[in-house]
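See structure below.
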Ligand SMILES: Nc1ncnc2c1ncn2[C@@H]1O[C@H](COP(=O)(O)OP(=O)(O)O)[C@@H](O)[C@H]1O
Ligand SMILES: [Mg+2]
């Protein structure tokens, strides 16, 4: 049984979380780490577009249904939720995708969230890597619909303002119980000059260049995960994926002990 290594990608809106999450999914697939589980934890979901797949329903909507509509005869609610859960899961070449939707509707969903957590745990067995495209507030983590990640990538512009925001995200993440050592900065859309040193001068895990191919994919509404292999962002994200695989291997060793 594999214990998956979970990577949450956080950062201010528009910094490149979805782009980087998608390129990372692609890099891990190319490095043979299939299947990867992609999780869209941003209520403003667009991870599927970046990955080039369609999503028909999300977990939040499914949960609403399961608790407000009648359950098919002969099925318990728990069975029904498990059954629907596998319908929410989108399967594609080398990866599966699940969209979380909103973390809460109205009323108390503790029971539903417990069930969803147990579904997630069932699922996680099949994946070596889980990539979570998060939103700035990391609400799914704070509400427990997603567990504490093994690695938190904080995406930022390489300037001073971006770093101040990154510091605030680090504070939120610490409050959520994520250890500082599992957080890494990733600078994105780097153009030229000297990228600012990281928060407390730590080196970022990657400095991803501004990539015209990524912009072109966005303009043409084509999946960013399909940008050409020789695009500058692709090779940098591949290097980052290799470092992440190393981190996962280190983590696995501590688990075995
Ligand atoms: N390295 C990059 N080079 C060029 N454009 C980029 C790069 N990273 C992101 N973008 C563009 O920036 C915009 C925001 O990226 P996105 O990944 O959607 O951010 P977020 O998910 O953090 O809101 C998109 O239009 C995307 O195409
Ligand atoms: Mg996004």
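Scan the stretch 57-90 for residues that are over 20 Å from residue 146 (Cβ atoms) and out of contact with any helix residue (DSSP H, G or I) (no Cβ under 8 Å at 6 or more places or on another chain) and jot them down.
Hits for the stretch 57-90 are 68, 69, 70, 73, 74, 76, 79, 83.
Show me the helices (runs of 4 or more DSSP H) entirely contained within the stretch 144-257 in which 1 or more residues are surrounded by 17 or more Cβ atoms within 10 Å (Cβ to Cβ) and without any contact (Cβ under 8 Å) to a residue 24 or more places away in the chain. Even if it seems obvious, please write down each step before you answer.
Details: elements: 160-175, 212-219, 232-256.
Answer list for the stretch 144-257: 212-219.
Consider residue 156 carefully, then state whether it is modelled with pLDDT of 90 or more, under 24 Å from residue 25 (Cβ atoms) and touching a helix residue (DSSP H, G or I) at 6+ places or on another chain (Cβ under 9 Å).
Against the criterion (modelled with pLDDT of 90 or more, under 24 Å from residue 25 (Cβ atoms) and touching a helix residue (DSSP H, G or I) at 6+ places or on another chain (Cβ under 9 Å)), residue 156 qualifies.
Which condition number in (1) in a loop (DSSP other than H, G, I, E, B); (2) surrounded by 19 or more Cβ atoms within 10 Å (Cβ to Cβ); (3) in contact with a helix residue (DSSP H, G or I) (Cβ under 6 Å, 6 or more places away or on another chain); (4) at pLDDT 85 or above is the one that residue 101 fails?
(4)
Could you check the stretch 44-83 and list, in sequence order, the residues that are within 16 Å of ligand 2 (Cβ to nearest atom) and under 20 Å from residue 221 (Cα atoms)?
44, 45, 46, 47, 48, 49, 50, 51, 52, 53, 55
Select from the stretch 15-26 the residues that are under 18 Å from residue 91 (Cα atoms) and either near ligand 2 (Cβ under 9 Å from one of its atoms) or modelled with pLDDT under 95 (or both) and list them in ascending order.
21 - this is the single residue of the stretch 15-26 that is under 18 Å from residue 91 (Cα atoms) and either near ligand 2 (Cβ under 9 Å from one of its atoms) or modelled with pLDDT under 95 (or both).
Which members of the stretch 1-14 meet the condition of being within 13 Å of ligand 2 (Cβ to nearest atom) and surrounded by fewer than 24 Cβ atoms within 10 Å (Cβ to Cβ)?
12, 13, 14
The values are calculated or read from the model by the stated rules, or taken from the named source; none is laboratory data. Just so we're clear, the structure is a prediction, and the values are computed from it rather than from any experiment. All Cβ positions, even for glycine, are placed from backbone atoms using ideal geometry, and neighbour counts span all protein chains on display.
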